Amino acid sequence: MYAVIQTGGKQYKVAKDQLVTIEKLPVNEGESVVFDQVLMVAEGSDIKLGQPLVSGAKVTAEVVEQGRAKKVIVVKFRRRKHYMRRKGHRQHYTTVKITGISS
């Protein structure tokens, strides 16, 4: 059984006991979270598609980790003008473990 959920402006295909890294959620480690924006639920050949959401479907998960990704360097550069700017960015993320899918 798997589902497609929407969180943080992105869509994720998830299954039970899967670890998923998503955009940061304001939830502490060890707490549970419920995703109610479910776009699709499939179990074998039985597929439920939402228009846009599947009514009554929920995906529950437990927060495993809050962290930051590796640094990405952003460079602005103008050739022959003696101009260069560097800036670093680390994106915050939340890792969750999917504990259940209900349709």
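Points to keep in mind about this one:
- Applying the condition of being modelled with pLDDT of 95 or more and among the acidic types (Asp, Glu) to the range 42-86 and asking which residue is surrounded by the fewest Cβ atoms within 10 Å (Cβ to Cβ) yields GLU65.
- Strands (runs of 3 or more DSSP E) wholly inside the range 1-80 that include at least 1 residues being in contact with a strand residue (DSSP E or B) (Cβ under 6 Å, 6 or more places away or on another chain), farther than 13 Å from TYR93 by Cβ and of a type in the set (Gly, Ala, Ser): 2-7, 10-15, 32-35, 38-43, 58-68
- In the range 24-38, the residues that are in contact (Cβ under 8 Å) with a residue 24 or more places away in the chain form Cβ pairs under 8 Å with partners that are surrounded by 11 or more Cβ atoms within 10 Å (Cβ to Cβ) and of a type in the set (Asp, Glu), at six or more places apart or across chains, as follows: GLU29/GLU65; GLY30/GLU62; GLU31/GLU62; SER32/GLU62; VAL33/GLU62.
- Here is the figure for the range 39-75: residues that are of a type in the set (S, T, N, Q) and within 17 Å of the chain's Cα centre (by Cα) total 2.
- Residues of the range 81-103 satisfying the condition of being part of a strand (DSSP E or B) and more than 30 Å from MET1 (Cα to Cα): TYR83, MET84, ARG85, ARG86, LYS87, GLY88, HIS89
The values are calculated or read from the model by the stated rules, or taken from the named source; none is laboratory data. Every value quoted in this text rests on a predicted model; they were computed, and no experiment measured them. Counting neighbours? That spans all protein chains shown, and the Cβs are built from the backbone with ideal geometry, glycine included.
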